[in-house]
Every structure is written in C-alpha cells, then in structure tokens.
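Have a look at the structure below, then the notes.
The values are calculated or read from the model by the stated rules, or taken from the named source; none is laboratory data. Small disclaimer: the values here were computed from a predicted structure and weren't measured. Note that we place each Cβ from the backbone using ideal geometry, even for glycine, and neighbour counts take in every protein chain shown.
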Amino acid sequence: MSRKTLEELRSQRWFGVDNMRAFGHRSRTMEMGFSREDFMGKPVIGIVNTWADTNTCHSHMRQRAEEVKRGVWQAGGFPLEMPAMSVGEQHTKPTSMLYRNFLAMETEELLRSQPVDGVVLMGGCDKTTPALLMGAISMNLPAIYVPAGAMLRGHWRGTTLGSGTDVFKYWAERRAGNVTNEQWSELEEGIARSAGTCMTMGTASTMMSLAEVLGFSLPGASSIPAVDSTHSMMASRSGRRIVEMVWNDQKPSDIATHEAFQDAIVADMALGGSTNAIIHLTAMAGRAGIKLTLDDFDEASKKTPMLLNLKPSGKYLMEDFYYSGGLRALLRQISDLLHLDRTVCNGMTFGENIETAEIFNEEVIRPRSNPISATGGTAALKGNLAPYGAIIKPTAAEPHLLKHTGPAVAFENVDDMYARIDDPDLDVTKDSVLVLKNAGPKGAPGMPEWGQLPIPQKLLKQGVRDMVRISDCRMSGTSFGACVLHVAPEAAVGGNLALVKTGDLITLDVEARKLELHVSDEELEMRRNSWEAPKSPYTRGYGALFMQHVTQAHEGCDFDFLHAGDSTPEPKIY
Ligand code: FES
C-alpha cells in the first residue's frame, strides 16, 4: 500500500496553499486558539459525533470524543469534532427511521464541505450506525467507526431486565392485570442503569456488531459495554488508527466489499440479529454499488447456525456476551463461512483478528456443536401477500405458529388498530391473524416499529402471549413474536396487503417460506379497482422529499437519488 504525501492530503486545499481563502482558513483556525504547529502539515480528522441530550444512549459520547481526539493528537493528526443529528431511538418521532437518510445525507455533506482527510464516526443507537456508514461509504474518505457500546444489564427484584424485550413482556402482563403500578414504577427505574445502547441483541447491538464484521471498527470494539474503561481505550485507539488509515489511503471502498457484506449477513444470522439489519445492510450495500436481495439473507440463514443466547431470542444480555468472549469468539466458531482474507480497518485481515478468540462461557456463546438453532435467526417469505418479500424472526416466535392458517383481522392503519384492538366485541381468537396496513415506508410514513401488534386484551387475559401478525412496517430488534414484517410492496403503494379483508384466510409456512392470502386473483382485482391510495401528510419540507424518494423495504428504504452512481465533485475553493 503506497503512503500519501502531505501534498496529496485533501485538507491541503484549505490549509496548505498561498491564497486569500487559505489565509482565512488558517487565521480562523488560529481564532480558536490553535497555533500553526497544531494543524499545519497534519491530516485533519473529522469526528462526526451523534451525542445530544436528546439521545439517551449516547450520553457518554462527549467524553468519548475527547478520548478519540487524544488518540488523533498522539498519532500526529488534527481532530475537528462535527456534531450531527443524533436520531435517538427513544425521543425521535414519529419514528427514527424517517431520519436515517437525513443523517446519512448530513454525514456525507459534512465530510464533503469541510477540510477533512479522514473521519471517526461515533454512533450506536439504532439508525445512527447505518446512517453514518451510508454517508461515509458515499463520500469514500478513510473512515473508522466507534460504537457507543451497550448499557449494563437491567435489574428488578433479583432478575435481570433486557431493554425493550422485557418492557414488551411486562407491559403485556400489566395489561393482563398481573403487574401493579408500584411494580411498573420499579421496572422503569431498574431497566436502564448506565449510558449506552439497548443491551439486548436489538438493532443497536446488531448494527454495531455488523459494522465491526464489515471491517469499520477495531476488532472486539462492538461488544465492549459503554461504561467499561476498555471502551475509552478503544476510542483513543480508533483515533490513533484513523491517522494511519489516512496516510495509507484506506477507504470505505477498500473495506465495504461484496465479501464483507456477505460476512455481515452470515454474522447477523449467527447472532440472531435484529430484523432491521436486513433493511440497513441493503441500504449500506446500495451506497457501495452492491445489490443485496432477500434471497442473500435467506441463503445465509439456511447455512448458518444461530449461536448467541441473547434476548430477545435467548436468555442473556450484551454484558454477558462481552464477558464470554464477545463477537470475535462467536465469529471464530463460524470462520469456515466467512471471508478471512479481506483487510479491515486495523490493517490486518479479518481472519487474523479472530484467530485467537476464545469462548469463556458456552451457555452464552454456544459452540458450533451445540447451537441455539441449526439455522439463522431470520427467514425471508414470499407469496401473493408479499410478491417482493417479507421477513420473520422464527427464533423469537412460538414454534407452533410457524406453520399456521387463520382468518385475518384487518386494521386499515395504526389509529384503527388502537381504536379496536382491546374492544371486548372484536371478533378475534388465538388462531386469528392480525393484519396492520399502511404502516410501511410511505404508508406510516417512515416505516415505524409497530410490527409487534399488541395481543388483544381479552386474549391476554386468557393466557395468549403470541399470535401471527402481519404488517408492512418494522419491529424493534428487541421485540419477539410470530410477526411477519416488511411486507413489500407495502399497502400504501397498492400491494396486496391493502386488499386484505377481515375473515380472509392467510397461511404462514416458515419452513416453506410462504405467505399466502387465500383470495382468488379475480376477487383481488375487483378489490383493487375500488382501492384508493392514502393521502400523504406531507406537502412540504423533508417529509415531502422522503415521500417522493424513499424506496421499498426490500430495496433498503434509502432515497433513490442516494444510491451509488457517478461521483459528486469536490467543492471548488475560490
Ligand atoms: Fe438507543 Fe435502543 S434506544 S439503542
């Protein structure tokens, strides 16, 4: 690998030339108190930090940014922190997914418009990881990812609590009348004990892990708890490493290869990762000019055993994963399924990074000889109800529902669902199939996490805890249940989901990968003739842009104009 010279650094166009504009760039950098020797003749490292008081999971990241800067200074770089929209999962409404592409665009344009040679991306809460990487892949400057890390285990009355997963579980018990107000209040105080992301294998943990598998994080980084001192060390090591990556010109296009995405899909299956990973990986790959399909995920699922015993599919939490050896130990178990020769961000091969990893607790990370399930955590479905596909996480569902035929109880939208779901007169049994329409990328809009439709209260009181549920939205990676998600095409663009009526029979057969609506083509055509598309709530602003350009779930829900294409010119500096 040839090393860059100082003159070849991109930032030299701002700082290293003799003209009036460069005078301004230098004098105004000195305005901040930096002396000439602090920044002249050095690579400029942008630190895109998604810290914000509105992002509950990133509260430690102001401190981590300082630790990244320490590493950058030590390695001879000049760090510049650049805050970006935080997209915290908890407070961002109507759904953080509406803003993933916004952060991706912001990341790309921040890097393009500023005197940056390389970037440290700081994220973790669900959408931040794919968004930051999508932007960085499109911009293609050397980039390293610092994952926020998961929070510590939750605790309540002698039991551990997992983010999301146990909220859904105890909320169902509360609706069934089994949890008091006092107990509910105790749960609220015990479930989130430290800075960091959700500590189940939800979307955040999944995407941080997959960023490491792709090769954008230092080996082992994604499994470190957010508040562990090792996390600070990882941050400063990342700062040191990015300076080397700049000199070596090691860019995202060298890392985000087709093989890397194949490995991420395999790892996702072994982790029992979030269903959301399918959409995010598809979008990230699209930025690199790589087309992933649901078949890629399904093929990986068939050949990859699920080895990680973490909620929502299993029993333990991210802290346990770390103490048991972490992601590297899990990857070593499936190394025969991975591309070990590709070079990742630390300059080593993927295989070299995992070859010495050990499992320290085989209850948490199962060895290959004793998997949680012989196949991966996600299955892709097709049929007349989802011609472009749908997905389900079989490992998080009650097994008896994985082959099921039942009558639909159809809800036109989320308002209709919440108005009727607990009506004692709702004609529903444990064998019914709950169907939610108009909750997809354009229908909701923003494809929120409504896919774990609530079990009707009268069934909860009868002891029912899982049912087949079908929608065109997503569900939280921390959720569980026989929930068919991401139905494409979605109802709002006229997919057959829009035509389902209460009482129609629907068959889910996970082993056969089928999702069938038992209504004739002629009858569907008649229904389609009287169907009307829902009206968009947005006529201006970002929402209108989103409605015009978002793609369907199987395409990754990126904006069509952000897919890989001709390169965007560097800014002129006059
Ligand atoms: Fe931030 Fe779950 S709310 S990761």
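Below, the figures for the structure above:
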| quantity | calculated |
| --- | --- |
| Pair list, Cβ < 8 Å and 6+ apart or interchain, from region 50-70 residues that are away from the ligand (no atom under 16 Å from the Cβ) to residues that are part of a loop (DSSP other than H, G, I, E, B) | 62/51; 65/51 |
| Residue in region 11-19 that is touching a Lys or Arg at 6+ places or on another chain (Cβ under 7 Å) and either at pLDDT 95 or above or more than 16 Å from the ligand (Cβ to nearest atom) (or both) present | yes |
| Residues (of a type outside the set (Asp, Glu), closer than 17 Å to residue 467 by Cα and crowded, with 18+ Cβ neighbours inside 10 Å) located in region 492-516 | 506, 507, 508, 510, 515 |
| Neighbours by Cβ (under 9 Å, 6+ apart or cross-chain): first from region 539-564, under 18 Å from residue 133 (Cβ atoms); second small (Gly, Ala, Ser) and surrounded by fewer than 16 Cβ atoms within 10 Å (Cβ to Cβ) | 563/289; 564/289 |
| Odd one out for residue 327 among (1) within 23 Å of residue 302 (Cα to Cα); (2) surrounded by fewer than 22 Cβ atoms within 10 Å (Cβ to Cβ) | (2) |
| Scope region 66-106; condition among the hydrophobic types (A, V, I, L, M, F, W, C) and surrounded by fewer than 22 Cβ atoms within 10 Å (Cβ to Cβ); matching residues | 73, 75, 80, 82, 85, 102, 105 |
| Search result, residues across region 312-367 that are acidic (Asp, Glu) and in contact (Cβ under 8 Å) with a residue 40 or more places away in the chain | 319, 320, 363 |
| Elements of type strands (runs of 3 or more DSSP E) contained in region 443-541, each with 2 or more residues being closer than 16 Å to residue 413 by Cα and within 25 Å of the chain's Cα centre (by Cα) | 468-471, 483-488 |
| Output for region 274-297, where each listed residue is surrounded by fewer than 22 Cβ atoms within 10 Å (Cβ to Cβ) and either among the acidic types (Asp, Glu) or not in a loop (DSSP other than H, G, I, E, B) (or both) | 295, 296 |
| Criterion violated by residue 217 - all others in (1) within 12 Å of the ligand (Cβ to nearest atom); (2) assigned to a loop (DSSP other than H, G, I, E, B) satisfied | (1) |
| Answer from 447, 475 - the residue that is within 23 Å of residue 204 (Cα to Cα), more than 16 Å from the ligand (Cβ to nearest atom) and touching a helix residue (DSSP H, G or I) at 6+ places or on another chain (Cβ under 9 Å) | 447 |
| Residue selected from region 15-25 under the condition of a type outside the set (Val, Ile, Thr) and farther than 18 Å from residue 76 by Cα, by the criterion surrounded by the most Cβ atoms within 10 Å (Cβ to Cβ) | 25 |
| Restricting region 451-472 to residues that are of a type in the set (A, V, I, L, M, F, W, C) and touching a strand residue (DSSP E or B) at 6+ places or on another chain (Cβ under 8 Å), the residue that is nearest to the ligand (Cβ to nearest atom) | 453 |
| Single residue of 283, 277, 267 found to be in contact with a Cys (Cβ under 8 Å, 6 or more places away or on another chain), closer than 28 Å to residue 483 by Cβ and modelled with pLDDT of 95 or more | 283 |
| Tabulated pairs, region 385-403, first in a loop (DSSP other than H, G, I, E, B), second surrounded by 16 or more Cβ atoms within 10 Å (Cβ to Cβ) and aromatic (Phe, Trp, Tyr), C-beta under 9 angstrom, 6+ apart or interchain | 393/480; 397/480 |
| Some residue of region 346-360 being farther than 30 Å from residue 253 by Cα, more than 24 Å from the chain's Cα centre (by Cα) and not β-branched (Val, Ile, Thr) | yes |
| Residue list for region 367-385, restricted to those being out of contact with any Lys or Arg (no Cβ under 8 Å at 6 or more places or on another chain) and charged (D, E, K, R) | 368 |
| Lone qualifier among 454, 445 - being surrounded by fewer than 22 Cβ atoms within 10 Å (Cβ to Cβ) and touching a Leu at 6+ places or on another chain (Cβ under 9 Å) | 454 |
| Selection within region 233-246 - surrounded by fewer than 22 Cβ atoms within 10 Å (Cβ to Cβ) and either under 18 Å from residue 277 (Cβ atoms) or touching a Lys or Arg at 6+ places or on another chain (Cβ under 7 Å) (or both) | 236 |
| Checking residue 51 against (1) surrounded by 14 or more Cβ atoms within 10 Å (Cβ to Cβ); (2) closer than 17 Å to residue 241 by Cβ, the condition it does not meet | (2) |
| Failed item in (1) in contact (Cβ under 8 Å) with a residue 60 or more places away in the chain; (2) in a loop (DSSP other than H, G, I, E, B); (3) out of contact with any strand residue (DSSP E or B) (no Cβ under 8 Å at 6 or more places or on another chain), with residue 376 passing the rest | (3) |
| Candidate set: region 220-238, residues that are within 16 Å of the ligand (Cβ to nearest atom) and over 20 Å from the mean Cα position of the chain (by Cα); chosen: the one nearest to residue 281 (Cα to Cα) | 231 |
| Qualifying positions in region 306-339 - over 20 Å from the mean Cα position of the chain (by Cα), among the hydrophobic types (A, V, I, L, M, F, W, C) and assigned to a helix (DSSP H, G or I) | 329, 337 |
| Long-range neighbours under 9 Å by Cβ, at least six apart or interchain, first residue closer than 10 Å to residue 108 by Cα within region 124-137, second polar (S, T, N, Q) and within 13 Å of the ligand (Cβ to nearest atom) | 131/50; 132/50 |
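Okay, residues lined up against (1) under 18 Å from residue 145 (Cβ atoms); (2) hydrophobic (A, V, I, L, M, F, W, C):
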{"residue": "49", "(1), (2)": "yes, no"}
{"residue": "58", "(1), (2)": "yes, no"}
{"residue": "63", "(1), (2)": "yes, no"}
{"residue": "69", "(1), (2)": "yes, no"}
{"residue": "72", "(1), (2)": "yes, yes"}
{"residue": "77", "(1), (2)": "yes, no"}
{"residue": "93", "(1), (2)": "no, no"}
